[in-house]
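Undergrad: I am attaching a structure below and will ask some questions about it afterwards.
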Amino acid sequence: MRKWKICLINLARSTDRLAACARQLEAHSLSFDRVEAANGDTLDVSTINALYNFSDSSYHKHMTSGELGCYLSHVRVWQKIVDEQLDYGVILEDDILLQDHIQHGLEAIENIQQPWDLIKLAEEPVKRKAVHQIPVGDFSLITYNKIPSRTCAQVISLSGAQKLLATSANINRPIDIELQYWWESQLNVFGLKPYIVKANHDEVSEIDRNLNRNKAKQSFFKKVVSGFYFLFKNKKELKKRLQKLNQQ
C-alpha cells in the first residue's frame, strides 16, 4: 500500500475557494491537507533578490511577484512530500473541478509500475500531442510531445520532489514553464488520460490572479535564444526518452 496524500494549495485569504474545493473532495470521500500558498504580494525585496534575478535567468519575461509566489507554493508541497516521506502527493490548486471518475484515476495511479516523477492530471489551456501511451487499467499513461502548461492538478512522486527541490534554491522560470524543461531535472513526466481534473475557468485561482504574464517586460533576444534552445533540446531528449520507453 503506497503512502500518499492530496495536498491543496490555498492562500489564507481565499476561504471561499477552500470551501468550494473541500465540498468537491468530500463529495468523493477524499481527505486532503491544506498547504498555505506563498503570497507573492508580501515577498520583500531581499527575499525576491535572493531567489530570482532576471539577468541570470534564461526565461525571456520578467517574473511577477505572483509567479514567484506560485513557484514557492509548490516548493512547500515538494518539501512536505520529502519531510513526510510520502510515496507521492496529489497536488491541487484551488481553481479545479474534480471529474466523476477521479476515484478510479487515483486507484490507477496506485497501480502504476512504470517509474515516474510527475503525472499531469489536467491539461490547460493548449492540448498537447501524445507520442507514447502505456495502458493502466481504463486509463493511459501518456508521454507528451511538449509538457502542458499550468499546474492546477498533478502528482509528484518522492523522487520527483527530491529532484525539483535540488534545483529550487534559485528560480529561473515560472513553475509551469520550468516543468516543460523536464530534462534539466531528469524528470520522468507523464499525463493520465482521461483527465480526472479540469480547471475551473469561472473561478480564477488567487494563486494565478496576479501572474500577469502577458503584460510582463521581456527580452526579445532571450525569447529567440530560449525558443531555439527549447525546440532543439526537447526534440533531442524526447527522442532518447521514447527509445527507452519502447525498449521496456
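The values are calculated or read from the model by the stated rules, or taken from the named source; none is laboratory data. This structure is a prediction, so every number in the text was calculated from the model and none was measured. FYI the Cβ positions are ideal-geometry reconstructions off the backbone, even for glycines, and counts take in every protein chain you see. Keep in mind that these areas ignore ligands, DNA and RNA; they rest on the heavy atoms of the full protein, side chains included. Shrake-Rupley method; radii C 1.70, N 1.55, O 1.52, S 1.80 Å.
Undergrad: I'd like to check which strands (runs of 3 or more DSSP E) are fully inside segment 1-105 and have at least 2 residues that are touching an Asp or Glu at 6+ places or on another chain (Cβ under 8 Å) and farther than 15 Å from Thr151 by Cβ.
TA: Result: 4-10.
Undergrad: While we're here: May I ask you to say which residue of Asp138, Asp94 is of a type outside the set (Lys, Arg) and touching a strand residue (DSSP E or B) at 6+ places or on another chain (Cβ under 6 Å)?
TA: None of the others qualify; the one that does is Asp94.
Undergrad: Quick one: in segment 148-170, of everything that is in contact with a Phe, Trp or Tyr (Cβ under 9 Å, 6 or more places away or on another chain) and buried (at least 23 other Cβ atoms within 10 Å of the Cβ), which residue is nearest to Lys240 (Cα to Cα)?
TA: The qualifying residue nearest to Lys240 (Cα to Cα) is Gly160.
Undergrad: Scan segment 218-248 residue by residue and report those that are under 24 Å from the mean Cα position of the chain (by Cα) and of a type in the set (S, T, N, Q).
TA: Gln218, Ser226, Asn234 - these are the residues of segment 218-248 that are under 24 Å from the mean Cα position of the chain (by Cα) and of a type in the set (S, T, N, Q).
Undergrad: Further question on the same structure: Restricting the search to segment 195-224, which residues are in a loop (DSSP other than H, G, I, E, B), modelled with pLDDT of 90 or more and farther than 23 Å from Leu92 by Cα?
TA: Passing the criteria: only Ser219.
Undergrad: Does Ile112 satisfy the criteria of being under 16 Å from the mean Cα position of the chain (by Cα), hydrophobic (A, V, I, L, M, F, W, C) and open to solvent by less than 10 Å² (accessible area, probe 1.4 Å)?
TA: Considered against the rule, which asks whether it is under 16 Å from the mean Cα position of the chain (by Cα), hydrophobic (A, V, I, L, M, F, W, C) and open to solvent by less than 10 Å² (accessible area, probe 1.4 Å), Ile112 comes out as no.
Undergrad: Of all residues being aliphatic (A, V, I, L, M) and over 22 Å from Ile156 (Cα atoms) in segment 39-90, which is surrounded by the fewest Cβ atoms within 10 Å (Cβ to Cβ)? Just the residue, please.
TA: Looking at the filtered set, the residue picked out is Val45.
Undergrad: Does Gln133 qualify as being loosely packed, with under 14 Cβ neighbours inside 10 Å and either of a type in the set (Phe, Trp, Tyr) or closer than 21 Å to Gln243 by Cα (or both)?
TA: So Gln133 does not fit the description; no.
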